[in-house]
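Visitor: Quick one: the structure is below, and I'll ask about it shortly.
Laboratory data are not the source of any read-out in this text; all were calculated from the coordinates shown. Predicted model only: the values in this text are computed from it and were never measured. All Cβ positions, even for glycine, are placed from backbone atoms using ideal geometry, and neighbour counts span all protein chains on display.
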Amino acid sequence: MEKLNETLTTQLNHRTIRKFSPKPVTQNELALLFEAARHTSTSEFLQQFSILRITDPAKKEAIREISHQDYVGGNGELLIFLADLNRNYQIRKQLGKDVGRLQTTDLFFQAQNDMVLAVQNTLLAAESLGLGGVILGSINDDPKRLVEVLELPKLTYPILGLQIGHPAQEPQLKPRLPLEFTVFENDYPTEFPVEKLADYDKIVHTYYDLRDANRRVDEFTTQIASAKLDKRVTKRDDIVAALHHQGLCLE
């Protein structure tokens with residue numbers, strides 16, 4: 001294997017941090033994180049994402065309630081990343097043009113991709129500075145409420161949150177699927193015997209056992225077969241309605 005450089009070392013040692021110390025993220029550190037986000041790759045140079053830094057205690061509390069995670073809005077910084085097609089609409093409107101394709105699913109996907117890449121760039125930058133973070137898909141647990149809390153204009157939509165701060169824990173490295181199950185050459189395999197994951201299940205089982213012997217001892221396949229993916233109705237199913245309410249994906 002090639003010798004790891006500093007960037008690869010940071011990437012390969014990624015750990016999700018959910019407990020942060022009271023030490024604040026400095027303004028200089030924040031500025032660097034925002035610059036890293038700003039320099040993210042962007043589809044067609046449309047630059048269709050924005051970041052909301054949440055400092056209002058009431059909004060923090062509301063987002064924490066939506067997410068059902070007590071560390072959200074606590075120590076560190078809470079950032080909400082938006083797919084933002086409103087800015088380009090405002091530009092078109094002021095230049096005498098209509099909304100054009102900005103309300104199509106295609107353009108929303110481009111904005112979503114810009115935003116997701118920016119989240120990853122920001123987190124990687126944070127980890128390179130010795131900070132830690134957790135990506136918050138949980139803000140989608142009540143999408144309609146979140147849009148209200150953030151008081152967002154049409155053609156914007158919050159997709160992911162990011163809590164960043166100084167780590168107050170040192171979690172183990174969580175084992176990912178082996179490459180043989182995720183990287184294929186030319187053709188996607190048509191057969192996938194679940195028993196091939198037996199060795200990986202043992203690794204995941206050991207990970208959970210060592211992490212906290214007083215909690216569940218789980219495996220990857222049992223998680224995939226658990227209630228988390230069973231058919232049920234949740235507020236996350238309101239995402240399409242929330243997108244339409246924001247004037248997005250209308251065709």
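Visitor: Identify, among I17, Q27, Q163, the residue whose Cα sits farthest towards the positive end of the charge dipole of the chain, taking +1 on the Cβ of Lys and Arg and -1 on the Cβ of Asp and Glu, with the dipole about the Cα centre.
Guide: Most positive-ward Cα: Q27.
Visitor: Find which of V119, L102, S43 sits farthest along the positive direction of the dipole of region 6-172, computed with +1 on the beta-carbon of Lys and Arg, -1 on that of Asp and Glu, about the Cα centre.
Guide: After comparing all options, I get L102.
Visitor: Rounded to the nearest 10 degrees, what's the angle between the helix 27-38 long axis and the longest principal axis of the chain, both from Cα atoms, 0 to 90?
Guide: Orientation of helix 27-38: about 80 degrees from the principal axis.
Visitor: log10 I(q)/I(0), Debye, Cα-only region 46-201, no solvent, q = 0.09, 0.14 Å⁻¹?
Guide: The Debye formula, applied to the Cα set alone, gives -0.42, -0.87.
Visitor: Here's something else I'd like to know. Anything over 31 Å Cα to Cα? Flag those among K144/K202; K174/K235; K60/K154; K19/K235; K23/K202; K93/K144, in the order listed.
Guide: On the way: K144/K202 40 Å; K174/K235 29 Å; K60/K154 22 Å; K19/K235 27 Å; K23/K202 38 Å; K93/K144 26 Å.
In this structure, K144/K202; K23/K202 exceed 31 Å between Cα atoms.
Visitor: Given the peptides 85-93, 156-164, 9-17, 122-130, arrange them by the average over their residues of other C-beta atoms within 10 Å, most packed first.
Guide: Values: 85-93: 16.8, 156-164: 23.9, 9-17: 14.2, 122-130: 19.6.
The densest-packed peptide leads the list: 156-164, 122-130, 85-93, 9-17.
Visitor: Also, quick follow-up: At a Förster radius of 30 Å, what calculated FRET efficiency corresponds to the Cβ-Cβ distance of T16 and K97, to the nearest 0.05? Write out the running numbers ahead of the final one.
Guide: Numbers: r = 43 Å, r/R0 = 1.42.
It comes out at approximately 0.10.
Visitor: Let me have the 222 nm mean residue ellipticity of the chain computed from DSSP H runs of 4+ only, each contributing -39500 (n - 2.57), with the sum over all residues rounded to the nearest 500.
Guide: On the way: 9 runs with 97 residues, N = 251.
About -11500 deg cm²/dmol.
Visitor: So, one more: Once both axes come from the Cα atoms, what is the angle between helix 57-67 and the longest principal axis of the chain, in degrees from 0 to 90, rounded to 10?
Guide: 50 degrees
Visitor: Just A31, A83, A227 to compare: in a GNM of the chain, with alpha carbon springs under 10 Å, which one fluctuates most?
Guide: Looking only at A31, A83, A227, the largest GNM fluctuation is found for A227.
Visitor: With labels modelled as points extended 7 Å from the Cα through the Cβ direction, what inter-label distance (nm, one decimal) is found for K228 paired with K196?
Guide: 2.2 nm
Visitor: By average Cβ neighbour count within 10 Å, what is the ranking of 194-201, 107-114 from highest down?
Guide: The most tightly packed comes first, giving 107-114, 194-201.
Visitor: Using the alpha-carbon centroid of each, what span in Å lies between region 1-61 and region 130-186?
Guide: Region 1-61 and region 130-186 have Cα centres spaced 11 Å from each other.
Visitor: Identify all aspartates and glutamates with a Cα-Cα distance to K231 below 19 Å; exclude those on the same chain that are fewer than 8 residues away in sequence.
Guide: K231 reaches D141, D142.
Visitor: Now a separate question. Relative to the first principal axis of the alpha-carbon coordinates of the chain, what is the inclination of helix 105-128, with its axis defined by its Cα atoms, in degrees from 0 to 90 and to the nearest 10?
Guide: Once rounded, one gets 60 degrees.
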